[in-house]
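The values are calculated or read from the model by the stated rules, or taken from the named source; none is laboratory data. Predicted model only: the values in this text are computed from it and were never measured. Note that we place each Cβ from the backbone using ideal geometry, even for glycine, and neighbour counts take in every protein chain shown. Surface areas here come from the heavy atoms of the whole protein model, side chains and all, with no ligands, DNA or RNA. Shrake-Rupley method; radii C 1.70, N 1.55, O 1.52, S 1.80 Å.
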Amino acid sequence: MRFLYRNTFWVAVILFVTSIDALAFASNTSSNAQGRSDVNSLGRKAVASANHSGHKTHPGRVSVLKSRPHVPLDLSSEFNFTATNGTFNTISSTGTEYDGGSFDHDEGTEIGIPIGFTFYFGGNPYSTVNAASNGWLSFNPSSLGDGGFYFTGTLSGADASMLPFLAPLDADLYINGSIFYETDGSAPNRTFTVEWDHVVGYGNSDSATASDQLSFQVIMYEATGEIQFVYTPGPDYAVAFNTEDSPSTLGIVDSLGNYIAVSDMSTSATVSSSGENDAISPPPSEGLTFSFTPLVYDYSLAVQATDFIATPDIGSVTLSWKTQSEIKNAGFNILREDPGMSSFKMIASYSNTENLKGLGTSTSGRVYSFTDDKVTSGSTYSYRIQSVSTSGAVKDLNTLTAIVDVPQSYALYQNYPNPFNPATTIRFDLKEASTVTLEIYNVLGQRVMEQEYGTMNAGRYNESISMGRFSSGVYYYRISAVGNDGQKFTSVKKLVMMK
């Protein structure tokens, strides 16, 4: 591109009129067009530091912490919580025993335990879990190896590789018995149970007898997504657990790091998504059961949407859809696959685009739309519309394809903004591949700026120019285009620079 600048000055009205005659341009009439605001691709922005605490010192073992994204959410509003006395049904004689490892009773992890069915947690499907000897269960398939991590002592500061996870007793533990797991029942009402059998605090592994030791379970329900923690204590619980083994936390943590922490081991326990207690006491009653039942289990039913339409225009594609109802719907993401590409990239999100924000929970729904004006005329684009729940679960709703329209004639539109300082955008249409030149004139008819674009394909263009070096006043911009077939187009419009 070539730029030519000349000195410019302010003139009287009489000179302005004279200069109009001096220009003697043949100007085509064109309609004004309002500019559309740019849409930037932006995902959620929130980072929380992981503060890992409560590790024992084990020579030769290293635990590396990783920072993880954290979008604050009151996870307790996503689940119904109850604390009751039930029945502890051991699976130690019927279940599959944990196969051990280099540290099978202390700092051990069982990798890839099959659940036996698809279990949804936070709207995401899982088929395996990793069980840690220190009293927690991770859905993350790449989380741990034997002896890789110890106990966290905190839900909010847990390592990123653990997310999401369940913690019936996240503590520094030693297992005198073993870990068992079992899938029971028939579809669609199966249960999956993991049992930590005869557990003590690490500092009491030598002094506590079998009768003093605690056993506990995690039970997951296929039909409802309910999660239960069930406990059976020994008669002298205080011998098995003392202050040396604090802190200890109970609760569940989703894939974003949001958590529900249980206050203590009693039927009067409460939950919080913003604070944690050392929950190792009081001693749990026989069959103490904590239940977490999700308000929405199958997120494929959370947003009922219809009437998906992609409407191409010259230089843009407008997507529209209608929801019949919404449950815990934070909003929508828009992904686009560009011509010649084989993957989708996010171009807009509810997190930064107001008209993509969801209704939360609503039985009436609404019509949504989004216009993409960062496209090339004549090209084919595919779009994917995703719904995102308030807990971060992402669901693909539909994929649409559109071919962007090609202008049927040449056109020059009014610049925007106008007046402006110091930059403005000039929009024009080319009906075929053309050599394009933009010129700026002052009111005396003097050319003060020239920009040569070379050959541009048919389509709609939005070209930004900066005139910060010029004085305030009225100027004229002219587009000249010569098509490949020799057809010529020239059009002139007025713009106002106002500092």
Exercise for review: Take Asn333 and decide whether it is open to solvent by less than 20 Å² (accessible area, probe 1.4 Å) and not aliphatic (A, V, I, L, M).
Suggested key: yes
Point to revise | Some residue of the stretch 417-433 being open to solvent by 50 Å² or more (accessible area, probe 1.4 Å) and hydroxyl-bearing (Ser, Thr, Tyr) | key: no
Practice item. Quickly run through the stretch 383-404 and pick out the residues that are open to solvent by less than 20 Å² (accessible area, probe 1.4 Å) and either at pLDDT 95 or above or more than 16 Å from Ile334 (Cα to Cα) (or both). Key: Tyr383, Ile385, Ser391, Ala402, Val404
Review point. Which one is farthest from Gln304 (Cα to Cα) among residues in the stretch 359-374 that are open to solvent by less than 50 Å² (accessible area, probe 1.4 Å) and modelled with pLDDT under 95?
Key: Asp373
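Listed here are the residues, each with its yes/no results for (1) open to solvent by 40 Å² or more (accessible area, probe 1.4 Å); (2) more than 25 Å from Ala393 (Cβ to Cβ); (3) out of contact with any strand residue (DSSP E or B) (no Cβ under 8 Å at 6 or more places or on another chain); (4) at pLDDT 85 or above.
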site	(1), (2), (3), (4)
Ser93	yes, yes, yes, yes
Thr96	yes, yes, no, yes
Gly101	no, yes, no, no
Phe149	no, yes, no, no
Asp170	no, no, no, yes
Revision key, fill the gap. Ile314 vs (1) modelled with pLDDT of 95 or more; (2) under 30 Å from Phe428 (Cα atoms): all pass except (1)
Check your understanding: Do we find a residue being open to solvent by 50 Å² or more (accessible area, probe 1.4 Å), in a strand (DSSP E or B) and more than 13 Å from Val496 (Cα to Cα) anywhere in the stretch 464-485?
Key -> yes
Practice item. Taking Gln408 as meeting all but one of (1) assigned to a loop (DSSP other than H, G, I, E, B); (2) of a type outside the set (A, V, I, L, M); (3) at pLDDT 95 or above, write down the number of the exception. Key: (3)
**Study point:** Lone qualifier among Ser391, Ser379 - being over 28 Å from the mean Cα position of the chain (by Cα), over 22 Å from Ser480 (Cα atoms) and among the small types (Gly, Ala, Ser)
**Key:** Ser379
Check your understanding: Would a scan of the stretch 293-304 turn up a residue that is open to solvent by 50 Å² or more (accessible area, probe 1.4 Å), more than 20 Å from the chain's Cα centre (by Cα), of a type in the set (Asp, Glu) and farther than 30 Å from Asp429 by Cα?
Key -> no
Practice item. Name the one entry in Ser281, Ser268, Ser285 that is modelled with pLDDT under 75, more than 25 Å from Ser161 (Cβ to Cβ) and either open to solvent by 40 Å² or more (accessible area, probe 1.4 Å) or touching a Pro at 6+ places or on another chain (Cβ under 6 Å) (or both). Key: Ser281
Practice item. Return a yes/no flag: does the stretch 63-85 have any residue that is within 20 Å of Glu182 (Cβ to Cβ) and either touching a Pro at 6+ places or on another chain (Cβ under 9 Å) or modelled with pLDDT of 70 or more (or both). Key: no
Check your understanding: Which residue, of Ser377, Ser342, is open to solvent by less than 50 Å² (accessible area, probe 1.4 Å), out of contact with any His (no Cβ under 8 Å at 6 or more places or on another chain) and either outside any strand (DSSP E or B) or without any contact (Cβ under 8 Å) to a residue 12 or more places away in the chain (or both)?
Key -> Ser377
